[in-house]
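The values are calculated or read from the model by the stated rules, or taken from the named source; none is laboratory data. Just so you know, these numbers come straight off a predicted model, no measurement behind them. All Cβ positions, even for glycine, are placed from backbone atoms using ideal geometry, and neighbour counts span all protein chains on display. For the accessible areas, the whole protein counts, side chains as well, though only heavy atoms, and no ligand, DNA or RNA atoms are used. Shrake-Rupley method; radii C 1.70, N 1.55, O 1.52, S 1.80 Å.
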Amino acid sequence: MKVITVLGSTGSIGTQALQVAEKHNIKIKALAAHSNAKLLAQQAEKFGAEYVCIFDENKKQELSAYLNGSKATILTGMEGLKTIAALDGVDIMLNSVVGMVGLVPTLTAIEKGTDIALANKETLVAGGELVINSAKEKGVKIYPVDSEHSAIFQALQGNSMNRIRSIILTASGGPFFGKTKEELKNVTVEQALAHPNWSMGSKITIDSATLMNKGLEFIEAMWLFDLKPEQIEIVVHRESVVHSAVEYEDNSVIAQLGVPDMKIPIQYALLYPERVECPTKHLSLTDYGKLSFMKPDYETFDCLTACIKAVTIGGTLPAAVNGANEEAVAAFLAGKIGFLRIGELVTEVAENTERKDITCVDDILSADAEARNYVKKKIEAALS
Ligand code: NDP
Ligand code: MG
């Protein structure tokens, strides 16, 4: 029986992963969330988790009350996440927390030699070089959960002797595809949260509306598959059926298709290389009839341009644009800034941050903190 731990178990990816775990009898050794004590406790009881971490220390009593006499060890904060990441006897740690906070637990699991199923893309965006190099050194496998990267990973199977010429990274285009900046001036949080194809957590849903998500995925793909920026083509594909593709030297393009349901890539990452029944719908291409493919609008969706610029410069730049975006998205969700301001702030950080080399995790954390401070100050100044 496979044994896993899940960081971010109460979120969109985490809850779907637990459905997969239930279907395939995967043992859950530990679970972690930020503050949703009630659901975390229910999950821990249902799956018999031995360790439960609530990041927000103020919720510890509440979690303990909900757990009501269970023998699970209760942990809190970053130390708790690190304890889970360093547990013995774990086959895979699924990292599905949202945001840069996932970086240190990922590095801890790698240090421990535990394979990782990675949904938390911010980890690779901010710390790609460090994460990939440490994983290589320790012989740790990173199984992508993001649907596009899972598709690429699937299209690579059986082709280890062949060189990738390029990849096609598909993008749904989000709720605002085809709109101009003028039309996006006054969009509401509610409109930005209405994704046409995927049901996801609020941060990634906003990232999908600004296309920051595709920028983050561009960087994620470079690290996961050792690609140069010029080897990645972003294609807007409104239906989200072709999840991405690999082009080989012979001009053959191998893609992975499926209904837009994250349980497929989650299951592939957890059960790799097995393909067994998955609790999702069957894909009927004739129901779709037509599939469309278009170029993205880099001018309107300036987050995408900022990400590509940042990763081309390299060093701490991707960590900076990611940190700026996390802060700007939180401010947008809190009603403090307008939708277009997210792209402006991310672009400002991409243009004004000085590149530094990454030699250790602290270089990443300080680039992240600096960018967040810059964005926070700008937002506060505009509000006062
Ligand atoms: P959600 O917002 O739905 O869930 C986030 C999860 O992380 C929750 O369980 C939350 O706990 C937990 N969490 C947040 N901060 C911390 C912390 N400091 N310590 C411990 N747990 C924490 O996000 P998603 O599931 O949508 O996304 C998760 C990650 O997966 C993101 O990086 C996203 O980009 C990526 N991803 C998501 C996809 C999707 O379809 N949803 C697709 C591809 C990638 P709590 O509930 O208590 O707040
Ligand atoms: Mg994706």
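Things worth noting here:
- Share of carbon and sulfur in the accessible heavy-atom surface of segment 242-384 [1.4 Å probe, %]: 52
- Charge tally around Leu340: other residues with Cβ under 15 Å, Lys/Arg +1 each, Asp/Glu -1 each, net -2.
- Full extension of the chain segment joining Glu277 with Lys295 gains 3.0 nm, where the gain is 0.36 nm per residue of separation less the Cα-Cα distance.
- Applying the Karplus relation 6.51 cos²θ - 1.76 cosθ + 1.60 with θ = phi - 60° to segment 149-159 yields 3J(HN,Hα) values of 6, 5, 4, 5, 4, 5, 6, 8, 4, x, 10 Hz, where x marks Gly and Pro.
- The packing ranking of peptides 323-330, 334-341, 299-306, 348-355, highest mean first, is 323-330, 299-306, 348-355, 334-341, where packing means the average number of other beta carbon atoms within 10 angstrom of each residue.
- Between Asp226 and Glu380, the modelled label-to-label distance comes to 4.5 nm, taking each label 7 Å out from Cα in the direction of the beta carbon.
- Alpha-carbon Rg/Rh ratio, for the chain, with Rh computed the Kirkwood way: 0.95
- Expected 222 nm ellipticity per residue - DSSP helices of 4 or more, -39500 (n - 2.57), all of the chain, to 500: -15000 deg cm²/dmol
- Integer Hz, Karplus 6.51/-1.76/1.60 couplings in order for segment 360-373, x for Gly and Pro: 8, 4, 4, 4, 6, 5, 6, 5, 4, 5, 4, 5, 4, 4
- Average silhouette area of segment 1-121, convex hull of alpha-carbon atoms, in square nanometres: 6.4
- Accessible surface area normalised per residue over the chain is 44 Å², counting heavy atoms of protein chains with a 1.4 Å rolling probe.
- If you sort Ser64, Ser160 by accessible surface, 1.4 Å probe, largest first, the order is Ser160, Ser64.
- For segment 148-256, the number of Lys pairs with C-alpha atoms closer than 19 Å, counting only pairs eight or more positions apart or on separate chains, is 4.
- Lysine pair count for segment 250-384 (Cα-Cα distance under 16 Å; residues 8 or more apart in sequence or on different chains): 5.
- Nearby aspartates and glutamates by direct alpha-carbon distance to Lys46 (threshold 15 angstrom, same-chain neighbours under 8 apart not counted): Glu22
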